[in-house]
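The values are calculated or read from the model by the stated rules, or taken from the named source; none is laboratory data. Values in this document were obtained by computation on a predicted structure and should not be read as measured data. Ideal geometry is used to build each Cβ from the backbone, glycine not excepted, and the neighbour counts take in all protein chains shown.
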Amino acid sequence: MRRQIPIAGRHELLYNTAMKTSLDGVFNALSKGGLQMRKISVSELGTKDCTTIIEDINNCRYSILESIGCHRLRMEMAVPGFLSKWIGKFLFWKAGKSHNQFWDYRVKQELEKLFAWAAPSTIYGKPPKNLHGIIIGFNHPSLGEILRLIDFTVKFYPDSPMVFPVNLPWYEALCPIVEELKSAGVYLTPIITPTTLRKIFRVNPDADDKLINSIRGMFEAEYINLCREFSDHAVILVAPSATRQRTVFQSEAAANGEAKINPPTMSMIASMIGRRKDADCRFVPVSIKPPKGFGRGLNLFRRYELQVNGSITMEDARAMSRERYGGTEFRGHRFDFVFLKRLANGLRKLKAEELIYPKGLKEA
């Protein structure tokens, strides 16, 4: 492995120091750079459909989080969102102003150069060829693997567009560059994760649960529609946990097939895409091992390890998503269990058993 560059360590120290600074102070400073967005009334928000809401966010017309009284939750992504936004602007500037047929390749080339320095990773295993679509499922212990997986996609699938869901606080922070990312072949779509949903009601107990769940449902439907639309030619990034979660399985029982896996993300995606008779894509489990002592953030300038664990055909994924396990105790979808076991096996190869379930999983 390469030795870390001293200046990178200084950048990381500055980044970590900023993250530990008062969130209010950080947000107030960054809001002058364009992160501040106005709010609208809950009644007005309730009249808008999904397409309008996403278009309005992309044009920075208002913030959903501000509108539902969750100012502090929006601040959580102020620093990484600000950094990501300006990294994106730098890449677009390096690629040139002309959005011609080669512009997206230039952006991806600049992205690969940048990530080799700021978001390094070592990749083990052989990714499948992208004859059709690729759906990459990964364990999600931090934000840092997102950057490494984008780099992974650029390296191995440079001709393919990328689709992945972004948690609402981060999506709102990235809204100034969403359209430019789309023109470079990177399609973001907002979601409200289970963790964010809990945080919303913790920050604002009086939040309108009917409205919030309605917006959450619209975002999920939009994500599924994008998966179905792009499944035959794009790379789709999916975290089965649907939120940041340190371990692949939530418990030892789930890891041993004795408890239901929730949410059944992989089965849901396989079932929805599988409704297309001509659907033909591959599901690729990629195990993520962050650096020692990693944090929940981007972990810039620190090396991740990625293990590719073969692939699963659409036909097999569709069949396993219909199979159940658990007997009379519970009714789990077999595809979720099989997919997560592949991630667990990859973590064993990376000698990161502590990331399989909270207390570590013994060898089978």
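So, residue 123, is that one in contact with a helix residue (DSSP H, G or I) (Cβ under 8 Å, 6 or more places away or on another chain), closer than 21 Å to residue 295 by Cα and either modelled with pLDDT under 90 or of a type in the set (A, V, I, L, M, F, W, C) (or both) or not?
Against the criterion (in contact with a helix residue (DSSP H, G or I) (Cβ under 8 Å, 6 or more places away or on another chain), closer than 21 Å to residue 295 by Cα and either modelled with pLDDT under 90 or of a type in the set (A, V, I, L, M, F, W, C) (or both)), residue 123 qualifies.
Here is a check on your reading of the model: is residue 237 of a type in the set (A, V, I, L, M, F, W, C) and surrounded by fewer than 20 Cβ atoms within 10 Å (Cβ to Cβ)?
So residue 237 does not fit the description; no.
Residues being β-branched (Val, Ile, Thr) and closer than 17 Å to residue 166 by Cα: count how many of those fall in segment 66-86.
Count: 1.
Kindly provide the set of residues from segment 269-311 that are over 29 Å from residue 81 (Cα atoms), surrounded by fewer than 23 Cβ atoms within 10 Å (Cβ to Cβ) and of a type outside the set (Ser, Thr, Tyr), ordered by number.
Within segment 269-311, 272, 274, 275, 276, 277, 278, 279, 280, 282, 309, 310 meet the criteria.
Could you please find all residues in segment 68-92 being crowded, with 18+ Cβ neighbours inside 10 Å and more than 23 Å from the chain's Cα centre (by Cα)?
Within segment 68-92, 68 is the sole residue that qualifies.
List every residue pair whose Cβ atoms lie under 8 Å apart, where the two residues are 6 or more positions apart in sequence or sit on different chains, the first residue falls within segment 125-149 and is at positive phi, and the second residue, located anywhere, is among the small types (Gly, Ala, Ser) and crowded, with 23+ Cβ neighbours inside 10 Å.
125/346
Can you pull out every residue in segment 222-236 that is of a type in the set (Gly, Ala, Ser) and closer than 11 Å to residue 190 by Cα?
Correct list: empty.
Which numbered condition trips up residue 346, out of (1) assigned to a helix (DSSP H, G or I); (2) exposed (fewer than 14 other Cβ atoms within 10 Å of the Cβ)?
With respect to (1) assigned to a helix (DSSP H, G or I); (2) exposed (fewer than 14 other Cβ atoms within 10 Å of the Cβ), residue 346 is out only on (2).
Among the residues in segment 166-182, are any on the phi > 0 side of the Ramachandran plot and surrounded by 14 or more Cβ atoms within 10 Å (Cβ to Cβ)?
no
Listed residues 338, 284; which is closer than 30 Å to residue 114 by Cα, aliphatic (A, V, I, L, M) and at pLDDT 95 or above?
284
Identify the residue in segment 151-165 that is within 19 Å of residue 191 (Cα to Cα) and of a type in the set (A, V, I, L, M, F, W, C) and, among all such residues, is modelled with the lowest pLDDT.
In this case the residue turns out to be 164.
Quick one: residue 310 ticks every box in (1) over 17 Å from residue 125 (Cβ atoms); (2) of a type in the set (Gly, Ala, Ser); (3) not in a helix (DSSP H, G or I) bar one, so which box is it?
The failed condition is (1).
In segment 188-219, which residues are within 18 Å of residue 167 (Cβ to Cβ), surrounded by fewer than 18 Cβ atoms within 10 Å (Cβ to Cβ), of a type outside the set (S, T, N, Q) and free of Cβ contacts under 8 Å to residues at least 60 places away in the same chain?
197, 198, 201, 202, 217
Hey, residue 283 hits all of (1) within 18 Å of residue 245 (Cα to Cα); (2) touching a residue at least 60 places away in the same chain (Cβ under 8 Å) but one; which does it fall short on?
(1)
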